[in-house]
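The values are calculated or read from the model by the stated rules, or taken from the named source; none is laboratory data. All figures in this text were calculated on a predicted structure; none of them were measured in a lab. Accessible surface areas use protein heavy atoms only, side chains included; no ligands, DNA or RNA. Shrake-Rupley method; radii C 1.70, N 1.55, O 1.52, S 1.80 Å.
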Amino acid sequence: QVQLVESGGGLAQPGGSLRLSCAASGSTFSANVMGWYRQPPGKQRELVATITSAGTTNHVDSVKGRFTISRENAKKTVNLQMDSLKPEDTAVYYCMMTMFRITYWGQGIQVTVSS
């Protein structure tokens, strides 16, 4: 079993920053893809960013230049540094890991951007 636990969400003002972290535990292996999705209010879940075990990253256009994904393989963690936040970044953010074609999800954490 794989467990993913997110932390670091909360309230930020427009233009502010937050850092999300996700810790994986259980039967994980180094060859995996980790990442973040988000679900804005009333909308479907959407990709934010992913990172491979080799460090190759992918950020969707709406967050490029503002969000940065990173990971620490030894600690089994993936982070999302979110800068220059906008109200439209308000969503529940979900950590994910894909390993051996199976995708695992965290429970989600709320991020609210509002003045």
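Accessible area of the chain with a 1.4 Å probe: how many percent of it is carbon plus sulfur? If you can, show how the numbers build up before the last one.
Details: 3050 of 6130 Å².
Taking all protein chains in place, the chain shows 50 percent carbon and sulfur surface.
On average, how much accessible surface per residue is there in the stretch 17-70, in Å², for a 1.4 Å probe, leaving out ligands, DNA and RNA?
Details: 2780 Å² over 54 residues.
With the other protein chains kept in place, the stretch 17-70 gives 51 Å² per residue.
Provide Rg over Rh for the chain; use the alpha carbon set for both Rg and the Kirkwood Rh (inverse mean inverse pair distance). Working shown, then result.
Numbers: Rg = 13.4 Å, Rh = 14.0 Å.
Answer for the chain: 0.95.
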